[in-house]
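Peer 1: Please see the structure below; I have some questions.
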Amino acid sequence: MSRFLTFAAAAALTLAASAGPVAAQDFRALARQDLQRAHDELAANHPAPAVPGAASQAFRSWLDTGLQDALGRAGQANSGDAHAYLMRYYAAGFRDSNIAITPTFEGMGPYFGTSWPGFTTGWRGGKYVVTYVKQGVSGAPRVGDTVVECNLTPIEEFARKKLDRWEGNLETEAGRVTSAPYLFWNRNNPFAAGVPSMCSFQSGRGRPRDIQIRPVPLVAGDLEAAYRATVYMPPATPLAVETVNGRPWLHVHSFADSAGWQAFNAAVEGQAATLRGPQGFVLDLRAASGSGLNSSTARGYGLANRIWTPEFTVSRQPAAGELTYRATQGNRDWYAAALGRMEADPQFVQEAGPVIEQTREIVTAFDAAIAAGQPTFTLAGRAAVADTGAANPVAGPVVVLVDAGCSGGCLDTLDLLSKLPNVRIVGSTTATDSIFVEPTVMRLPSNYSDLSYGHKAWTSRPRANNQPYTPAQGLVYTGNPADETAVRTWVASLFGS
């Protein structure tokens, strides 16, 4: 559980081992340097090499092979954005969302592009489908058309080369959804094709027809409008409570510390009696990503406790079971630094004594394992708690709305919510995460990127490695995810109103 409060992540700790400033902006050399450093750090300290099983296979197969692949492309890293793309490519090749290399500068947002053909696509029912056509664009396919091929290449192969690892993980449903709008955009990625020249589209069961693809003038706001018409994007205020169709609708679209949790939690507490009423309520976790320094999982669990009470949820919280640590000096130093920062924070000392004591025990276990030459050691996490017998305070049905943007702490929160009575998880398939949890974050030598990776293995996690939450039959939303009116009408139908 990469965001679990009772683990040391609760200490708000990031190790930024920063190199000195670089003298020249040779992004090709910087890319090679950063790739090698990321490889060496992962090889030395990531748990996967020391943990047997299928969850480690992708890591083992990509660590060296992926490095050579990425190094072979480094000659094309001619800018900061190209450097960022190449770092993302190497990290994404592990097929582990808890391994990431992210730029330290403000880079391209989701609506960035240098050219486009005036239309965009989404991932719908296992196909790339046209979802948006700018008004006035002639010769474009129609909304609803399916893409069959581009540049004489079957669309699956074309999409893999254009999007996979660069824009998302096409091995996952969530990665398909969030990257699909970029299929026809030029995102200034020198490693992948820009706007294709000729594509084939199919309308219904008709014969596919070829269309020449021509870039159109790019006007400010075009790409944002196209993306927002295809993929659900959260509102500017990520946390809020409103009344929709006569019942509370809780918006939780971020797990970041900066989202405004204090005011939101106060609002939830103020409406606790209503939330527990027979009419039920909606918990909207679409696009609920982001992480908090004090554990994003704690945000979700704290919300559940405010509604269902800790007495009711405690026995339903997933047991941590066994946690496997790779006994390296680097991992030991991370925990020692974490402990030092905990002990230097008077407020944390006052409020989180058990976490400090637990971290001391982990450092001691590292020392013992390293001294004995052991490659790993295992500690017991939070044990299962017996049912307290507390009555369920929530009388009505609860609909938890999710989508491809539900990641990180959102998944941990679903681990709890899915075990509560009268709760249905609805919407579309979520993102995934691996069993390699709790992030170490370190600055790479260029200062342009940070590497993060899970430094322990939750080998006994009930939710399997890289397993998403997929709503059950009858609870899957198949309409336009960007049509909020349609979404709310569909959700209301789940309550019978």
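The values are calculated or read from the model by the stated rules, or taken from the named source; none is laboratory data. Source: prediction; values computed, not measured. Methodologically, a virtual Cβ is constructed for each residue, glycine included, from the backbone with ideal geometry; neighbour enumeration extends over all protein chains shown. Note: areas computed on protein heavy atoms with side chains; ligands, DNA, RNA excluded. Shrake-Rupley method; radii C 1.70, N 1.55, O 1.52, S 1.80 Å.
Peer 1: Whether any residue in the range 207-215 is modelled with pLDDT under 95 and open to solvent by less than 40 Å² (accessible area, probe 1.4 Å) is what I want to check.
Peer 2: No, the range 207-215 contains no residue that is modelled with pLDDT under 95 and open to solvent by less than 40 Å² (accessible area, probe 1.4 Å).
Peer 1: Additional query: So is Gly221 over 15 Å from Pro141 (Cα atoms), free of Cβ contacts under 8 Å to residues at least 12 places away in the same chain, more than 23 Å from the chain's Cα centre (by Cα) and open to solvent by 30 Å² or more (accessible area, probe 1.4 Å) or not?
Peer 2: yes
Peer 1: Those residues that are of a type in the set (Ser, Thr, Tyr), open to solvent by 10 Å² or more (accessible area, probe 1.4 Å) and part of a strand (DSSP E or B), I need them from the range 426-454; list them, please.
Peer 2: Matches in the range 426-454: Ser452 only.
Peer 1: Tally time: how many residues in the range 195-206 are among the aliphatic types (A, V, I, L, M) and either farther than 20 Å from Tyr128 by Cβ or surrounded by fewer than 16 Cβ atoms within 10 Å (Cβ to Cβ) (or both)?
Peer 2: So the count comes out to 1.
Peer 1: What about Asp34, is it over 21 Å from the mean Cα position of the chain (by Cα), closer than 17 Å to Met442 by Cβ and crowded, with 21+ Cβ neighbours inside 10 Å?
Peer 2: yes
Peer 1: Go through the range 69-111 and report how many residues are among the aliphatic types (A, V, I, L, M), part of a helix (DSSP H, G or I) and touching a helix residue (DSSP H, G or I) at 6+ places or on another chain (Cβ under 8 Å).
Peer 2: Residues flagged as among the aliphatic types (A, V, I, L, M), part of a helix (DSSP H, G or I) and touching a helix residue (DSSP H, G or I) at 6+ places or on another chain (Cβ under 8 Å) within the range 69-111 amount to 7.
Peer 1: Please find, among Ala404, Ala380, the residue that is open to solvent by 10 Å² or more (accessible area, probe 1.4 Å), farther than 30 Å from Thr328 by Cα and hydrophobic (A, V, I, L, M, F, W, C).
Peer 2: From the options Ala404, Ala380, the qualifying one is Ala404.
Peer 1: With respect to Ala193, is the statement that it is touching a Lys or Arg at 6+ places or on another chain (Cβ under 6 Å) and not aromatic (Phe, Trp, Tyr) true?
Peer 2: Criteria met by Ala193.
Peer 1: Can I ask one more? Name every residue in the range 341-372 that is surrounded by fewer than 14 Cβ atoms within 10 Å (Cβ to Cβ) and either closer than 21 Å to Val441 by Cβ or touching a Ser or Thr at 6+ places or on another chain (Cβ under 6 Å) (or both), in order of residue number.
Peer 2: Result: Ala344, single match.
Peer 1: I want to confirm something. Restricting to the range 432-485 and keeping residues that are acidic (Asp, Glu) and under 19 Å from Ala55 (Cα atoms), which single residue is nearest to the chain's Cα centre (by Cα)?
Peer 2: Result: Asp433.
Peer 1: A follow-up question, please. Taking strands (runs of 3 or more DSSP E) that do not extend beyond the range 230-296, which have at least 2 residues that are within 19 Å of Leu416 (Cα to Cα) and either open to solvent by 20 Å² or more (accessible area, probe 1.4 Å) or modelled with pLDDT of 95 or more (or both)?
Peer 2: Correct list: 247-252, 281-284.
Peer 1: Taking the condition of being open to solvent by less than 50 Å² (accessible area, probe 1.4 Å) and in a loop (DSSP other than H, G, I, E, B), how many residues in the range 135-155 meet it?
Peer 2: 5
Peer 1: Oh, and also: Of all residues in the range 50-68 being assigned to a helix (DSSP H, G or I) and open to solvent by 50 Å² or more (accessible area, probe 1.4 Å), which is farthest from Gln374 (Cα to Cα)?
Peer 2: Within the range 50-68, the match that is farthest from Gln374 (Cα to Cα) is Gln68.
Peer 1: Please go through the range 379-402 and pick out each residue that is among the polar types (S, T, N, Q) and at pLDDT below 95.
Peer 2: Thr388
Peer 1: Let me ask you something else. Among the residues of the range 318-329, is any in contact (Cβ under 8 Å) with a residue 12 or more places away in the chain, among the β-branched types (Val, Ile, Thr) and either open to solvent by 20 Å² or more (accessible area, probe 1.4 Å) or within 28 Å of Pro52 (Cβ to Cβ) (or both)?
Peer 2: Looking for residues that are in contact (Cβ under 8 Å) with a residue 12 or more places away in the chain, among the β-branched types (Val, Ile, Thr) and either open to solvent by 20 Å² or more (accessible area, probe 1.4 Å) or within 28 Å of Pro52 (Cβ to Cβ) (or both), one finds at least one in the range 318-329, hence yes.
Peer 1: Being of a type outside the set (Asp, Glu), open to solvent by less than 50 Å² (accessible area, probe 1.4 Å), within 27 Å of Thr470 (Cβ to Cβ) and in a strand (DSSP E or B): is that true of Val130 here?
Peer 2: Against the criterion (of a type outside the set (Asp, Glu), open to solvent by less than 50 Å² (accessible area, probe 1.4 Å), within 27 Å of Thr470 (Cβ to Cβ) and in a strand (DSSP E or B)), Val130 qualifies.
Peer 1: Quick one: is Ala457 more than 16 Å from Leu285 (Cβ to Cβ), in contact (Cβ under 8 Å) with a residue 12 or more places away in the chain, open to solvent by less than 40 Å² (accessible area, probe 1.4 Å) and small (Gly, Ala, Ser)?
Peer 2: The answer is yes for Ala457.
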